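The values are calculated or read from the model by the stated rules, or taken from the named source; none is laboratory data. Because the structure is predicted, anything quoted here is derived from the model rather than measured. All Cβ positions, even for glycine, are placed from backbone atoms using ideal geometry, and neighbour counts span all protein chains on display. The protein model used for the area step is the full one, side chains on, heavy atoms only, and it has no ligands, DNA or RNA in it. Shrake-Rupley method; radii C 1.70, N 1.55, O 1.52, S 1.80 Å.
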Amino acid sequence: VGLDVEGHEFTHLVVNNNGNGGLTYQGESGALNESFADIFGTCVEFYSGINPDWNIGEDVMIGQPYMRSLSNPNGGEQPDTYNGTYWVNPADTTNDHGGVHTNSGVQNYWFYLLSQGGSGTNDLGNPYSVTGIGLSAARDIAYRNLITYLTPNATFIDAYNGSLQAAEDL
């Protein structure tokens, strides 16, 4: 197993026991569940200092370079923008519980940008420019949001609002 994958799976335990009832594994809340697991799996890998990067599963994949990329979700056919390219309808229960492994790219990219910064134009044609605050500060915001503000059926707008409140708290 790769260290980031192990951290990812352990994080599902944290998500399910966040003190607010976890995040339902369906639709947007399920995508947030997967994203938090990717975020903290990546944080574990960076903390170790052993070949850290912004990809999940690069050490365990055969035939493809990684499972998901926080720095370039579109490269792995995941959206980096809400309702953007590769977005899966969260109501489509026949497609991976409403796209939980696909739509997780939206918050994954948010975390990457919050940590590292970046600029460009998103899939909806909106320009953005973000100054990164570093991995540790971004991690603290994400964790506080998960533990303090998100309830089982949280949506991306709930995660947005919770992350703003978590940043203000910290």
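So ASN83 fits all but one of (1) at pLDDT 95 or above; (2) in contact with a helix residue (DSSP H, G or I) (Cβ under 7 Å, 6 or more places away or on another chain); (3) assigned to a loop (DSSP other than H, G, I, E, B); what number is the exception?
In the conditions (1) at pLDDT 95 or above; (2) in contact with a helix residue (DSSP H, G or I) (Cβ under 7 Å, 6 or more places away or on another chain); (3) assigned to a loop (DSSP other than H, G, I, E, B), ASN83 misses (2) alone.
Which of the residues that make up the stretch 1-31 are aliphatic (A, V, I, L, M), part of a loop (DSSP other than H, G, I, E, B) and surrounded by fewer than 22 Cβ atoms within 10 Å (Cβ to Cβ)?
Passing the criteria: only VAL1.
Could you please let me know if GLY75 is open to solvent by less than 30 Å² (accessible area, probe 1.4 Å) and of a type outside the set (A, V, I, L, M)?
Judged against the criteria, GLY75 is not a match.
Among the residues in the stretch 88-106, are any open to solvent by less than 10 Å² (accessible area, probe 1.4 Å), assigned to a helix (DSSP H, G or I) and of a type in the set (D, E, K, R)?
The answer is no, given that none of the residues of the stretch 88-106 is open to solvent by less than 10 Å² (accessible area, probe 1.4 Å), assigned to a helix (DSSP H, G or I) and of a type in the set (D, E, K, R).
Does ASN122 count as within 20 Å of PHE40 (Cα to Cα), of a type in the set (S, T, N, Q) and in contact (Cβ under 8 Å) with a residue 40 or more places away in the chain?
Here the answer is no, as ASN122 does not meet what is asked.
Inspect the stretch 48-58 for any residue being within 15 Å of the chain's Cα centre (by Cα), among the small types (Gly, Ala, Ser) and closer than 14 Å to VAL106 by Cα and give the result as yes or no.
The answer is no, given that none of the residues of the stretch 48-58 is within 15 Å of the chain's Cα centre (by Cα), among the small types (Gly, Ala, Ser) and closer than 14 Å to VAL106 by Cα.
Which of the residues that make up the stretch 127-140 are within 18 Å of GLY41 (Cβ to Cβ) and either in contact with a Gly (Cβ under 9 Å, 6 or more places away or on another chain) or open to solvent by 60 Å² or more (accessible area, probe 1.4 Å) (or both)?
Of everything in the stretch 127-140, those that are within 18 Å of GLY41 (Cβ to Cβ) and either in contact with a Gly (Cβ under 9 Å, 6 or more places away or on another chain) or open to solvent by 60 Å² or more (accessible area, probe 1.4 Å) (or both) turn out to be SER136, ALA138, ARG139, ASP140.
Which residue is most open to solvent (accessible area, probe 1.4 Å), if the candidates are limited to the stretch 36-72 and must be in a loop (DSSP other than H, G, I, E, B) and charged (D, E, K, R)?
This residue is ASP59.
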